[in-house]
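Colleague: Handing you this structure, nothing more for now.
The values are calculated or read from the model by the stated rules, or taken from the named source; none is laboratory data. Just so it is clear, the model here is predicted, and its values are computed rather than measured. Glycine gets a Cβ as well: all are built from the backbone with ideal geometry, and neighbour counts include every protein chain shown.
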Amino acid sequence: MKKMFLLTALAFGAMFVFSCSKSDLSAPAAVNSVSSTVQPSGAVARVNPAPGNYKVSLYVDDGDTTTATFKGYVFTFKTGGILLAAIGNTTYMGTWESKDGGTELKLNIDGTEALHDISKGWDVVKMTSTVIRLSDVDAGMEGSRLVFKML
């Protein structure tokens with residue numbers, strides 16, 4: 001009886017293994033197939049920001065590093081394009097929009113001069129589940145860079 005059970009189990013296992021196509025086995029599953037892809041380095045590249053709380057770890061405005069401008073800010077990217085920026089007891093509401101297949105991220109948020117400065121369309125340099133690296137280079141200027149890191 002044990003031999004019959006073992007042979008049946010092996011037969012079903014073999015059918016399962018041989019019924020999978022090569023494409024089923026070779027493509028790793030993406031974390032979120034709608035808004036991400038798995039990169040060779042193992043980092044998850046995203047089309048949309050991962051929902052969660054972020055801080056600004058780098059802000060360069062036209063060549064001048066002014067990261068300290070965002071000290072104390074917590075940015076919350078929410079699904080559906082909602083962006084919140086909180087500092088102290090004050091929260092400002094805005095929006096984010098991913099454009100051109102994830103190559104551009106448009107931020108629209110006001111309330112302080114610092115928020116106004118980053119409220120524009122940014123080129124996406126890198127977007128993973130923990131980091132959003134953005135740049136904006138205008139003709140004749142040194143350009144701006146903005147990096148959000150998840151808390």
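Colleague: Output the residues belonging to region 105-125 that are in a strand (DSSP E or B) and either surrounded by 17 or more Cβ atoms within 10 Å (Cβ to Cβ) or touching a Leu at 6+ places or on another chain (Cβ under 9 Å) (or both).
Modeller: If we filter region 105-125 for residues that are in a strand (DSSP E or B), which is where we start, we get 105-108, 121-125.
Answer for region 105-125, where residues must be in a strand (DSSP E or B) and either surrounded by 17 or more Cβ atoms within 10 Å (Cβ to Cβ) or touching a Leu at 6+ places or on another chain (Cβ under 9 Å) (or both): LEU105, LEU107, ASN108, GLY121, TRP122, ASP123, VAL124, VAL125.
Colleague: Check off (1) at pLDDT 90 or above; (2) surrounded by 15 or more Cβ atoms within 10 Å (Cβ to Cβ); (3) not aliphatic (A, V, I, L, M) for ASP64 and give me the number that stays unchecked.
Modeller: Result: ASP64 fails condition (2) only.
Colleague: Also, quick follow-up: Looking only at region 48-104, count how many residues are closer than 22 Å to VAL137 by Cβ, of a type in the set (Ser, Thr, Tyr) and outside any loop (DSSP other than H, G, I, E, B).
Modeller: Final tally of qualifying residues: 6.
Colleague: Could you tell me which residue of region 140-151 is surrounded by the most Cβ atoms within 10 Å (Cβ to Cβ), considering only residues that are among the charged types (D, E, K, R) and under 14 Å from LEU58 (Cα atoms)?
Modeller: The residue in question is ARG145.
Colleague: Next question, about the same structure. Quick check on ALA45: is it touching a residue at least 12 places away in the same chain (Cβ under 8 Å), more than 16 Å from the chain's Cα centre (by Cα) and not in a loop (DSSP other than H, G, I, E, B)?
Modeller: No: the conditions fail for ALA45.
Colleague: Same structure, new question: Could you tell me whether region 41-52 includes any residue that is surrounded by fewer than 15 Cβ atoms within 10 Å (Cβ to Cβ), within 17 Å of VAL131 (Cβ to Cβ) and at pLDDT 95 or above?
Modeller: For region 41-52, residues surrounded by fewer than 15 Cβ atoms within 10 Å (Cβ to Cβ), within 17 Å of VAL131 (Cβ to Cβ) and at pLDDT 95 or above: present.
Colleague: Something else about it: Test each condition in (1) of a type in the set (A, V, I, L, M); (2) within 17 Å of ALA45 (Cβ to Cβ); (3) loosely packed, with under 15 Cβ neighbours inside 10 Å for VAL137 and report the one that comes out false.
Modeller: Single failed check for VAL137: (2).
Colleague: For region 100-123, which residues satisfy the criterion of being farther than 18 Å from LYS78 by Cα and among the β-branched types (Val, Ile, Thr)?
Modeller: THR103, THR112
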